[in-house]
Structures are given as C-alpha cells and as structure tokens.
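Student: Below you'll find the structure I mean.
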Amino acid sequence: MIQDIAPHVFHNAYAQKRSIQRGDKILCFDQNQILLYKNKNGEYDFLGFDASIATGLFYYLFSVDQTAYFLLDRQYLTNKIMMKCTFLPIQIFREFSSASGFPMIIITGYHIYHWLRKNRFCGCCGHKTEYFASERAVYCPQCHNIIYPQIAPAVAVAILNGDKILLAKSAQGNFRRFSLIAGYVEVGETIEQTVHREVKEEVGLEVKNLRYFQSQPWGLTGIEMLGFFVDLAGSNKITLQKNELAEARWFSAHEIEPDLSLHSLSYTMIETFRKKYE
Ligand SMILES: [Zn+2]
C-alpha cells in the first residue's frame, strides 16, 4: 500500500520542520497536476532545491529519511524551472511502486496543498489566514480561529458469503474497476454503524461479524480509510443503489485478476481474499 515504503521512513511531524536546504525536494501543484522533473535517463523525479531556485515561500510538508519536502506555490515558478520540469496529472503516482515512496509523497503532499488552498481565508470572519508557527495549522489573526488539516474517516467493506466476495463498480467518476463497498462516516455515527449503513444503502444487504483489517491515509480525497471484512447475514440478493453503483455481484477468487500495484487498501483486501480462496 502507499504507506508501505520501508526501509524508507516517513516523518510527518510538523515539529521537525526546518529551513529548506540543498538536496531537499519541492512539490508544486496546479489544481490536479503535479510538477515533476525529468532527469537525464528520462525518469521522473521531484525537483531538487538548489541556489538557482532560491526564490519564493517554501512551506515544510514532511520528510522521507533525511530529505525534506517543501510546497512551493506555482506563482514562484521561473522560466528556468519550467524548462526542466512539466506539470503532469496527479494520477501519475500509479506508475510508481509503493516502495519507491513516490505515491505516498505525491498523495500526502496533495492533501496538504489542497487543505491550504481551501483555507486561505478564515471561514468565520473572512480575514486572510496565516501559517501557524508551532503546529500544522493555519491561523486567523483577526478572530484567532485555528484551522487544522481535514481528515475524513471512511470505510471499505469486503462482504464475504462463504468463498465469494461482493465487488462493485462505481457509477461516478472515471474509476470503473470492480472494488469494495466504501463510504464516508457521517455526523453522529460510529464506524460500525457506517459499515452497516453503507452496505445497506449501496447493495441492500445485512452483514455481521465485523473484523477490522487495516487503515490507510488517502490524501487525494483527504480520507483515512478503515478496512473491514464482514460476513453476509441473511439474503444474498443485491439491490443496487443506482446513482452510486453501476454494477455489483458476487465473485469467486478465480474470477479476480491478481493485482500487483496494490497502492490502495481496497485492493490489498481483495488480494487477501483472492490468495486465501484461489
Ligand atoms: Zn477569522
């Protein structure tokens, strides 16, 4: 999964922030695109900091091993930088292995970029916000409102019926592969209630025996995904929520193509099922 970058170590504590120095890396986003540098071998990399680009405001993001990553607003990009870099769709992360650290760096950098972009002004009084010095937060000097990064809990549910698993295709967006039932935790709800509600809403089924599997940060949508295996309780008849799902059905392990990318928690769970029953 994207967070599995060992032997590299991801340091997300804002308290470890420091000034940018030679060898550190720069992340720059333009809506859903990321700036990448193409090296002499034609491989993409993050833009490294050196004296020739010592301009602009660098916002500390996190570190991987000893290398710190900084966010740079695109207004500071010079022609010199643009001659060796290009903006690419954020989905470029899928072309790198999780172990390389690239997907984690791109996705988590994007999460912070998107949060800062949405909070340039205070939601309470409308005043321009400032970076908070001691924590990862933005601060309103007018009304003292502090805004922390937003992380939304969500669940991914693998529904098992004996040696079969329920997989579904979304009716929305460009992502049209079969995956697990998933959804956001709603206000006033426990995680367990979310599991039951999402399954009932999307495919009309009752489930039991909730077994927590693992979690995953997924900054593209700002969520923390919690994975559960559950067993079918009662009828296996699927009633599709058509505005959410295009298709849903029961799969045997041999019907599932092995997935080697495994960036996401959902695919790790499907692969765990496939290996158990193949
Ligand atoms: Zn304010």
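The values are calculated or read from the model by the stated rules, or taken from the named source; none is laboratory data. What you are looking at is a predicted structure, and each value in this text was computed from that prediction instead of being measured. Note that each Cβ is placed from the backbone with ideal geometry, even for glycine, and that neighbours are counted across all protein chains shown. What goes into the accessible areas is simple: the full protein's heavy atoms, side chains included, and nothing from ligands, DNA or RNA. Shrake-Rupley method; radii C 1.70, N 1.55, O 1.52, S 1.80 Å.
Student: Report the one residue of V195, F213, I270 whose Cα lies farthest in the direction of the positive end of the charge dipole of segment 152-277 (charges on C-beta: Lys and Arg +1, Asp and Glu -1; origin at the Cα centre).
Tutor: Toward the positive end, the furthest listed residue is I270.
Student: Using a cut-off of 22 Å between alpha-carbon atoms, which lysines can reach K128, once sequence neighbours fewer than 8 places away in the same chain are excluded?
Tutor: Here the lysines satisfying the reach criterion relative to K128 are K118.
Student: For E247 and S19, what does the FRET efficiency come to when R0 = 45 Å and r is the distance between their Cβ atoms, rounded to the nearest 0.05?
Tutor: On the way: r = 52 Å, r/R0 = 1.15.
After rounding to 0.05, the efficiency reads 0.30.
Student: Once a ≥ b ≥ c are taken as the square roots of the eigenvalues of the Cα gyration tensor of segment 50-203, is the result rounded (a/c under 1.5), prolate (a/b larger than b/c) or oblate (a/b not larger than b/c)? Can you show the working numbers first?
Tutor: On the way: a/c = 2.60, a/b = 1.48, b/c = 1.76.
The shape class here is oblate.
Student: Explain nothing, just the number: relative contact order of segment 1-82, from Cα pairs under 8 Å at least 6 residues apart, as a whole percent.
Tutor: Values: 120 pairs, mean separation 29.1, N = 82.
Relative CO of segment 1-82 lands at 35 percent.
Student: Go through K25, K118 and list them by solvent-accessible area, largest first, probe radius 1.4 Å. Intermediate results must be reported in sequence, preceding the final value.
Tutor: Values: K25 40, K118 120 Å².
From most exposed to least exposed: K118, K25.
Student: Whose amide H sits under 5 Å from the amide H of L160, counting only residues 5 or more places off or on another chain, with H placed in the peptide plane?
Tutor: Residues meeting the amide H criterion: V230, D231, L232.
Student: Considering the options G227, Y60, L77, tell which one lies farthest towards the positive end of the dipole of the chain, charges being +1 on Lys and Arg and -1 on Asp and Glu at the Cβ, about the Cα centre.
Tutor: The residue sitting farthest along the positive end of the dipole is L77.
Student: Please give the per residue accessible area of segment 34-152, computed with a probe of 1.4 Å over protein heavy atoms only, in Å².
Tutor: Numbers: 6180 Å² over 119 residues.
Averaged over the residues of segment 34-152, the accessible area is 52 Å².
Student: Here's something else I'd like to know. Please get the size of the charge dipole for segment 152-277, origin at its Cα centre, with Cβ charges of +1 on Lys and Arg and -1 on Asp and Glu, quoted in debye to the nearest 20. Numbers along the way, then the final one.
Tutor: On the way: 14 positive and 16 negative charges, 67 e Å.
For segment 152-277, the charge dipole is close to 320 debye.
Student: Students often forget the sequence filter, so: which lysines lie under 19 Å Cα-Cα from K84 once same-chain residues fewer than 8 apart are removed?
Tutor: K25, K38, K40
Student: Mean separation of Cα pairs under 8 Å and 6+ residues apart, divided by the residue count of the chain: what relative contact order is that in percent? Don't jump to the answer; show the numbers that get you there.
Tutor: Details: 531 pairs, mean separation 47.1, N = 278.
17 percent.
Student: Same structure, new question: Using a 1.4 Å probe, how large is the accessible area of R249, given in Å² and rounded to the nearest 10?
Tutor: My reading of the accessible area for R249 is about 90 Å².
Student: What figure in square angstrom, to the nearest 10, would you give for the accessible area of I270 with a 1.4 Å probe?
Tutor: For I270, solvent-accessible area is about 10 Å².
Student: For R197 and F10, compute 0.36 nm times the residue count separating them, minus their Cα-Cα distance, and round to one decimal in nm. Please list the in-between numbers first.
Tutor: Numbers: separation 187, 0.36 × 187 = 67.32 nm, distance 3.43 nm.
Extending this stretch completely gives an extra 63.9 nm.
Student: On to the next question. Taking 8 Å as the Cα distance limit and 6 or more residues as the minimum spacing, I'd like the relative contact order of segment 152-277 as a percentage. Don't skip to the answer; put the middle values down first.
Tutor: Numbers: 250 pairs, mean separation 42.0, N = 126.
That works out to 33 percent.
Student: Report, in deg cm²/dmol and to the nearest 500, the calculated mean residue ellipticity at 222 nm for the chain, where each DSSP H run with n ≥ 4 adds -39500 (n - 2.57) and the sum is divided by the residue count. Could the numbers behind the result be given before it?
Tutor: On the way: 4 runs with 49 residues, N = 278.
Taking each H run of at least 4 residues, the total per residue is -5500 deg cm²/dmol.
Student: Let me ask you something else. Please list, in order, the residues from segment 240-257 whose amide nitrogen is less than 18 Å from a point placed 7 Å along the Cα→Cβ vector of Q172.
Tutor: Counting only backbone N, you get 240-248.
Student: Can you list, largest first and rounded to whole Å, the semi-axes you get for the chain by taking the square root of 5 times each eigenvalue of its Cα gyration tensor?
Tutor: Semi-axes from the Cα gyration tensor: 38, 23, 16 Å.
Student: Any chance you could look up the accessible area of S215 with a 1.4 Å probe, heavy atoms only, rounded to 10 Å²?
Tutor: Accessible surface of S215 is approximately 40 Å².
Student: Additional query: How high is the FRET efficiency from R117 to D163, r the C-beta distance, R0 51 Å, rounded to 0.05?
Tutor: Numbers: r = 46 Å, r/R0 = 0.91.
Plugging the Cβ-Cβ distance into 1/(1 + (r/R0)^6) gives 0.65.
Student: Another one. So how strong a dipole does the chain carry about its Cα centre when Lys and Arg Cβ are +1 and Asp and Glu Cβ are -1, to the nearest 20 debye? Can you show the working numbers first?
Tutor: Details: 29 positive and 28 negative charges, 132 e Å.
Computed about the Cα centre, the dipole is about 640 debye.
Student: So for segment 152-277, if I pair up every lysine 8 or more residues apart or on another chain, how many of those pairs have alpha-carbons under 22 Å apart?
Tutor: 14
Student: Under unit Cβ charges (Lys, Arg +1; Asp, Glu -1), what dipole magnitude, rounded to 20 debye, does segment 1-129 have relative to its Cα centre? Before the final figure, lay out the partial values.
Tutor: Details: 14 positive and 9 negative charges, 90 e Å.
That gives segment 1-129 a dipole magnitude of about 440 debye.
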